[in-house]
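Every read-out reported here was derived from the displayed coordinates using simple, explicitly stated rules and does not represent laboratory data. All values derive from a computational prediction rather than experimental measurement. Because the Cβ atoms are built from the backbone with ideal geometry, glycine has one as well, and the counts that use them run over all protein chains shown.
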Amino acid sequence: MRKRFGWTRKLQEFPKEKHLGGLIPLINMPKNGEGIVRYIWAGRGIINRLLGMGIRPGAKVKVLENSMYGVVILINGTKIGLCPRLASRIYVEQAW
Amino acid sequence: MSRKPSRKCPSNSKFCLICPLRFFRKIFPAKPARKIVIGVIGNPNVGKSTLFNELTGAKQYVANWPGKTVEKKEGIRFWKGCELHFVDLPGTYSLSASSLDELVSREFILNEKPDVIIDIVDASNLERHLYLFLELAEMGARIIIALNKIDIAKAKGIQIDVEKLSKLLGTPVISTVATRGEGISRLCDAIVGVALGTIKSNPVLVKYSEDVEEAIRLLEEKIRQKIEKHPSRWIAIRLLLKDRDVINLVSKVAPEIIKEAEKLTYRLEKKYGQPIETIIAEQKYRLIEKIVSETVKYVGHPILDITDLIDTVVLNKYLAIPIFISILWAIFLFTFDAATFLVEGIDFLFEILADFARNNIPNELIASLITDGIIAGLGSVLVFVPNIFFLFLAVSFLEDSGYFARAAFIFDRIMRKVGLHGKSVIPLILGLGCNVPAVMATRGIESEEDRLLTIAVAPLIPCSARFPVFILLAGIFFGKMAAIVMLSMYLLGFALAFLIALIVRKIFYKGRISPFIVEMPPYSRPSLKSISLHMWIRGSHFLKKAGGIIFLMSIIIWFLASMPPGVEFGGPESYAGIIGKSLEFLFKPLGFDWRIVTALIFGFVAKEVVIDSLGVLLGQNLEEVLPQILTPISAYALMVFVLIYTPCIATIATIRSETHSWKWTLFVVAYELILAYLLAFLIVFIGNLIF
């Protein structure tokens, strides 16, 4: 087992002071909606995984499917399926 | 890592006695070739295993990384007087060591210091794939980029200026089409060139924004004095990113640096209002964007994407599950019906072999050991081999085609409710056919916890070997109700699997389920070569690993059944009979007598053996004898007991070889025995109260 360090960030508190005007979580995006990722609220392991897959602030996303199974997004030409819980933690600026 | 001697038979076979090459080499030793160690890395779905197969052919050996459950594949190719020793690193998106795969890859690069790293990059998706490249570059590796799937990129209207890309990245870039074997020889040339120093590889490093660079510089100075083994810039960046393993490493030599890094990270996070990982990644992507914009041109319109068309149907709210079930049905038909003729052939072969041995070995004891012990034991397991190979063929086909990612996505929500992961669904369903491939199919699950949990519950799924036991008992005792009783067994199996998953998750893993992210690769038609190689490697791995344990267990069981000398095979005076009798008191409350207990002991080999043994112990006419020694309630309890108690030898062997842990294997066996007993007891107890 690897040791856990005391100061290693736990699930990061969502910054209250952050201005969220106009930002909506991926899970609330309509099908075929497009937007730009602005903020990811997740633990270290997941953030690293998402960043490695190209889900990062500033990346353009398109929602291909949004159903009870989860959300399928298109990012940089790659299709990625996310569970609803994770999709509700990725905030996007919707492009109209 | 164990290094094989360079002078060896290219077939890589340990047991090759008649190989002329090896014989020849023994007399005339070959000039020891220069050995070059090459790590092959890339994102998942980039065609890494295809390229690896092209590079090494079938000359591969599969093992596990020392002490890890991650599979390690190695292969050799001789090229221009050099021995190229390829090591297949697990497919990862980054090297942040947040998963076991990433940790394994990173430790290999840092500690083994391979001569060359081949980073496989998808030409149609440069942006994402170059992220891994930049991480590799920071680790100070000598990299060659294999620009794979260049044909698909062209078809999509993507033009890449390879020369310019190579100049900007500072490494050789070789365009390849792994599925057709294009570019392999140029890649090998580049490997030899880079390893011998005739071709330069100085991968470009990211220049971060000034405040980040400042922080890196501050840390780097201090690190340089203390740690020389690893590149100091990389350690500084990882420290800023609060990388647990790097912190462990540094805290041993210089704990004060960690405090410093902590402070710097805090300052940066506050300034940017983003977590540090995001800040660093964003700046990496900025460089990537710049490189991509200078080298990639989009010409013409991309052709209509068939993947999207299929996905709208396959992921449809209402159609998704029916489609999944029909595909599953097709796999089942393929594995169990199409392989029937081979299964019967092997069965027939073993019968002939047993007859031959019985008739030709004069010593009765040895004849019995060989026929009743070894041949019967191995035979009972080897008859599954065609099924296993066919199943792997079907699974490899679906895996390569890209459907599995969709299936996992659809089922994630349901599986999550019972404490499992979306990717557990495929192993569990395969378990209906045979638990062995079910346990092996858990390889697709990335998270170690989810994987162990799936392995633990997979043997509860009633496999096809339990079917004959159920059908016999249900037919004798329940008459018209037989179908319902049978169905109840299947439902009970799945219900228990989910229940145990939920409980184990609560006890061991505190209710954490890793969030579900899956890349859905474009659908593609798998090449026959690739899937058959896949099937062969996995299937032969099973044979080698499980074979030894099965062999041993068969001898033990034979010993119990036929010793002391002179007793009837499996009779009351044999050790098995004695054990059965001495355990009878335990099973009295369930209404089982010693003969049933003995049959259950034999059931360890394979569940359908329970019926055979009962036949031997009770005389052939089971329909008449069984109702005399069992009540219907006890019969139902027996069915439940057979459903749950212990996986068969082959499954136990597979669990051991997949988990690399006797502890976990014993845990699975133990909990199943206890659960089986408790449940059977409960059924008898409640049954007797009601009826």
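According to a simple spin-label model (label point 7 Å from Cα along Cα-to-Cβ), what is the distance in nm between B:ILE555 and B:LEU678?
Here the modelled spin labels are 3.7 nm apart.
What is the gain in length, in nm to one decimal, between B:LYS417 and B:ILE507 on full extension, counting 0.36 nm per residue of separation less the C-alpha to C-alpha distance? Each step should come with its number before you reach the end.
Working: separation 90, 0.36 × 90 = 32.40 nm, distance 1.60 nm.
Result for the pair: 30.8 nm of gain on full extension.
Tell me whether segment A:23-95 comes out rounded, prolate or oblate; compute the Cα gyration tensor, take square roots of the eigenvalues as a ≥ b ≥ c, and use a/c under 1.5 as the rounded threshold. Before the final figure, lay out the partial values.
On the way: a/c = 1.35, a/b = 1.22, b/c = 1.11.
It is rounded, given that a/c, with a ≥ b ≥ c, falls under 1.5.
Given C-alpha coordinates of the protein assembly as shown, what is the ratio Rg to Rh with the Kirkwood estimate of Rh? Walk me through the numbers on the way to the answer.
Details: Rg = 29.4 Å, Rh = 29.2 Å.
So for the protein assembly as shown, dividing Rg by the Kirkwood Rh gives 1.01.
Just to confirm the number: angle between the C-alpha axis of helix B:403-417 and the first principal axis of chain B, 0 to 90 degrees, nearest 10?
70 degrees
With each pseudo-label sitting 7 Å past Cα toward Cβ, what's the B:LEU378-B:LYS259 distance in nm, one decimal?
Label at B:LEU378, label at B:LYS259, 6.6 nm between them.
What is the gain in length, in nm to one decimal, between B:ILE366 and B:LYS226 on full extension, counting 0.36 nm per residue of separation less the C-alpha to C-alpha distance? Walk me through the intermediate numbers first.
Working: separation 140, 0.36 × 140 = 50.40 nm, distance 6.64 nm.
Here the answer is 43.8 nm.
Ranking B:GLU83, B:GLU256, B:GLU54 by Cβ neighbours within 10 Å, fewest first, what do you get? Can you show the working numbers first?
Details: B:GLU83 18, B:GLU256 11, B:GLU54 22.
In order of increasing Cβ crowding within 10 Å: B:GLU256, B:GLU83, B:GLU54.
Can you put B:SER293, B:SER96, B:SER396 in order, fewest other beta carbons within 10 Å first? The partial results should precede the final answer.
Numbers: B:SER293 10, B:SER96 25, B:SER396 20.
With the fewest neighbours first, B:SER293, B:SER96, B:SER396 line up as B:SER293, B:SER396, B:SER96.
In whole Hz, what ³J(HN,Hα) sequence does segment B:424-430 give by Karplus (6.51, -1.76, 1.60; θ = phi - 60°), x for Gly and Pro?
Once θ is set to phi - 60°, the couplings for segment B:424-430 become 6, 5, 5, x, 5, 6, 4 Hz.
Go through B:637-645, B:216-224 and give me the packing order, highest mean Cβ count within 10 Å leading. Let's see the in-between values first.
Numbers: B:637-645: 24.9, B:216-224: 17.6.
Per-residue Cβ counts within 10 Å, averaged per peptide and sorted highest first, yield B:637-645, B:216-224.
Could you give the dipole magnitude of the protein assembly as shown about its Cα centre, charging the beta-carbon of Lys and Arg +1 and that of Asp and Glu -1, in debye to the nearest 20? Kindly include the intermediate steps, with their values, before the conclusion.
Numbers: 93 positive and 70 negative charges, 561 e Å.
Here the size comes out at about 2700 debye.
With angles folded into 0 to 90 degrees, how steeply does helix B:609-618 sit against the dominant principal axis of chain B? Use alpha carbons for both and round to 10.
The angle comes out at about 10 degrees.
Please compute, for peptide A:69-77, the average count of beta-carbon atoms on other protein chains lying within 10 Å of each residue's beta-carbon.
Details: counts 13, 9, 1, 6, 1, 2, 3, 7, 11.
If you average over the peptide's residues, the count of other-chain Cβ atoms is 6.
Taking a threshold of 27 Å on the Cα-Cα distance, which of the pairs B:LYS588/B:LYS663; B:LYS423/B:LYS506; B:LYS149/B:LYS544 fall above it? Mind showing how you got there, number by number?
Details: B:LYS588/B:LYS663 30 Å; B:LYS423/B:LYS506 19 Å; B:LYS149/B:LYS544 35 Å.
Over 27 Å Cα-Cα: B:LYS588/B:LYS663; B:LYS149/B:LYS544.
Just want the answer: with Cβ charges of +1 for Lys and Arg and -1 for Asp and Glu, which residue in B:MET139, B:VAL642, B:ASN359 is farthest toward the dipole's positive end in chain B?
Farthest along the dipole direction, towards plus: B:MET139.
Hey, rough spin-label estimate for B:ILE484 and B:SER540, points 7 angstrom out along Cα→Cβ, what's it come to in nanometres?
So the label points at B:ILE484 and B:SER540 sit 5.2 nm apart.
What FRET efficiency comes out for the pair A:ILE24/B:TYR266, r = Cβ-Cβ distance, R0 = 22 Å, nearest 0.05? Walk me through the numbers before you get to the answer.
Numbers: r = 29 Å, r/R0 = 1.33.
Efficiency computed from Cβ-Cβ geometry: 0.15.
Taking the Cα centre of chain B as origin, work out the dipole magnitude from +1 charges on Lys and Arg Cβ and -1 charges on Asp and Glu Cβ, in debye rounded to 20. Before the final figure, lay out each step's value.
Working: 76 positive and 65 negative charges, 431 e Å.
About 2060 debye.
Could you pull out which residues in segment B:94-130 have an amide N less than 18 Å from a spot 7 Å beyond the Cα of B:SER527, following the Cα-Cβ vector?
The answer is B:120-124, whose backbone nitrogens lie closer than 18 Å to the label point.
Does segment B:610-651 come out rounded, prolate or oblate by the C-alpha gyration tensor, with a ≥ b ≥ c the root eigenvalues, rounded set by a/c under 1.5 and, if not, prolate when a/b is larger than b/c and oblate if not?
Details: a/c = 4.03, a/b = 1.37, b/c = 2.93.
Taking the square roots of the gyration eigenvalues as a ≥ b ≥ c, segment B:610-651 is oblate.
Stretch B:LEU499-B:ARG34 to full length: gain in nm at 0.36 nm per residue minus the Cα-Cα span? Let's see the in-between values first.
On the way: separation 465, 0.36 × 465 = 167.40 nm, distance 5.59 nm.
Here the segment from B:LEU499 to B:ARG34 would lengthen by 161.8 nm.
Just to be sure I understand: of the beta bridges DSSP finds with both ends in chain B, what percent are antiparallel, rounded to 5? List each step's numbers first, then the result.
Values: 16 of 37 bridges.
For chain B, the DSSP antiparallel bridge percentage is about 45.
Quick one: order B:GLU519, B:GLU277 by neighbouring beta-carbon count within 10 Å, fewest to most.
Least to most surrounded, the residues fall as B:GLU519, B:GLU277.
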